[in-house]
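First the structure, in the form of structure tokens, and then the observations on it.
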Amino acid sequence: MLKKSTLLFCFLFALLNLIADYSGAQRINDQQKGLKDYYKNFFPIGVAVTPQQLKDSAQRQLILKHFNSVTAENAMKMGPIHPKETQFNWAPADEIVNFAVANGLKVRGHNLCWHTQTPKWIFNDSLGNQVSKEVLLQRLKAHIEAVVGRYKGKIYAWDVVNEAVSDNPNELLRNSNWYKICGEDYIAKAFEYAHKADPKAVLFYNDYNTESPEKRARIYRLLKGLIDKGVPIHAVGLQGHWSIQDPSEEKLKKSIEEYASLGLKVQVTELDLSVYSDSNTPDATDKTKLNNFSPELQQQQATQYGKLFKVFRQYKGTLTGVTFWNLSDRYSWLDNFPVRGRKNYPLLFDAELKPKQAYWNVIKF
Ligand code: HAH
């Protein structure tokens, strides 16, 4: 006969083992969890990528651990993907889309019509003369049909028009070649062509400084005009090239609410938090290279990231995605903008791909 005390001992021993196993399993789980898992009840978390990154195993693993959506940083822009009227450069974009499909990630397409990174041929005829409005719209249509058509069913959302609103507060639309040749019509047309090419795709107008009250009012005016005309536009992209000081929670909330009041969904499409305050000033003269990312700046950045994500979570349902513009501080487009060669540290992972303080603040809620 076993003694009662032996039985009790065995029972307690088994129970302790169970608890240890369980917390061990939890620990492993937590280590495997990435951003996308913490945010699975809120919205997809995306990242802008290059085909080269997907070939690097450490970066590829980091992408797969943390993100459930990808965007091509450059590969789908008109210049790179459509270098000549009769020639498309599909390979880089295909690599990104194939990677996403094979791994079950969503893809946001970026972008179909923009004033920058356009191919040389688009605005001129073979003699070098500017083309007519009819010809340019025909070219835009052919471009959109080809690109949207190729990835139909694989790309769930498209930035159809990028940055059409002027930096000059006195005018609504930027005086780009699109505008000079077509007037305002090119915007509505781009959305119509995209909708026809993939009726299920979620179509975005995407811009920066969307929280600045003055620019916000002009973007609102543009969007309202399009909606009133019955243009198939479904959402607005706040690029989110922000800084460790800006925007305030109030400014961000006000913008989300104002755009959403038009019946549009909202996404943060190109998130990064510059450690400089001049990130959106193209004429910045400060050439200082900040080679040590001080603990104070890290803390400030972590606090700002934490605040912004808290607001994002409050708008679950309206805010349908958050995409980071680049993967880690190893490389960011901000290393060359607005000051060429000035290192920046705007993302959640450092140059060694390790999570920064900002990362822990984003998943702590
Ligand atoms: C974005 N422009 C573009 O949408 C994206 O395609 C590119 O890779 C990087 C940034 C941002 C931008 C800005 O914040 C200020 C002036 C010009 C452009």
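Out of the range 119-162, which residues are within 20 Å of the chain's Cα centre (by Cα) and either within 16 Å of the ligand (Cβ to nearest atom) or of a type in the set (Asp, Glu) (or both)?
VAL147, ILE155, ALA157, TRP158, ASP159, VAL160, VAL161, ASN162
Which residues, taken from the range 332-359, are more than 16 Å from VAL47 (Cβ to Cβ), buried (at least 17 other Cβ atoms within 10 Å of the Cβ) and within 16 Å of the ligand (Cβ to nearest atom)?
Correct list: ASP335, PRO338, VAL339, ARG342, ASN344.
Pairs needed: first member in the range 66-85, closer than 12 Å to HIS143 by Cβ; second member anywhere, among the small types (Gly, Ala, Ser); C-beta distance under 8 Å; at least 6 residues apart or different chains.
Correct list of pairs: MET76/ALA93; MET76/GLY109; ILE81/ALA75; ILE81/ALA93; HIS82/ALA146.
Just name the residue that is nearest to SER294 (Cα to Cα) out of those in the range 324-365 that are of a type in the set (A, V, I, L, M, F, W, C) and outside any loop (DSSP other than H, G, I, E, B).
Once the filter is applied, the top-ranked residue is ALA358.
Only residues that are of a type in the set (Ser, Thr, Tyr) and either more than 16 Å from the ligand (Cβ to nearest atom) or surrounded by 21 or more Cβ atoms within 10 Å (Cβ to Cβ) (or both): list them for the range 312-331, please.
Scanning the range 312-331 gives TYR315, THR318, THR320, THR323, SER328.
Just to verify a result, which residue in the range 168-183, among those that are in contact (Cβ under 8 Å) with a residue 12 or more places away in the chain and in a loop (DSSP other than H, G, I, E, B), is nearest to the ligand (Cβ to nearest atom)?
The selected residue is ARG174.
Considering only residues that are surrounded by 16 or more Cβ atoms within 10 Å (Cβ to Cβ) and assigned to a helix (DSSP H, G or I), look in the range 65-78 and name the one that is farthest from the ligand (Cβ to nearest atom).
For the range 65-78, the residue satisfying everything is HIS66.
Taking TYR220 and the conditions (1) of a type in the set (Phe, Trp, Tyr); (2) in contact with a strand residue (DSSP E or B) (Cβ under 9 Å, 6 or more places away or on another chain); (3) without any contact (Cβ under 8 Å) to a residue 60 or more places away in the chain, which numbered condition does it fall short on, given that it satisfies the others?
TYR220 satisfies all of (1) of a type in the set (Phe, Trp, Tyr); (2) in contact with a strand residue (DSSP E or B) (Cβ under 9 Å, 6 or more places away or on another chain); (3) without any contact (Cβ under 8 Å) to a residue 60 or more places away in the chain except (2).
Readers should treat all values here as calculations from the given coordinates under stated rules, not as data from a laboratory. Bear in mind that the values here come from a model prediction, so they are computed numbers and not experimental data. For neighbour counting, all protein chains shown are included, and Cβ atoms are generated from backbone atoms with ideal geometry for every residue, glycine included.
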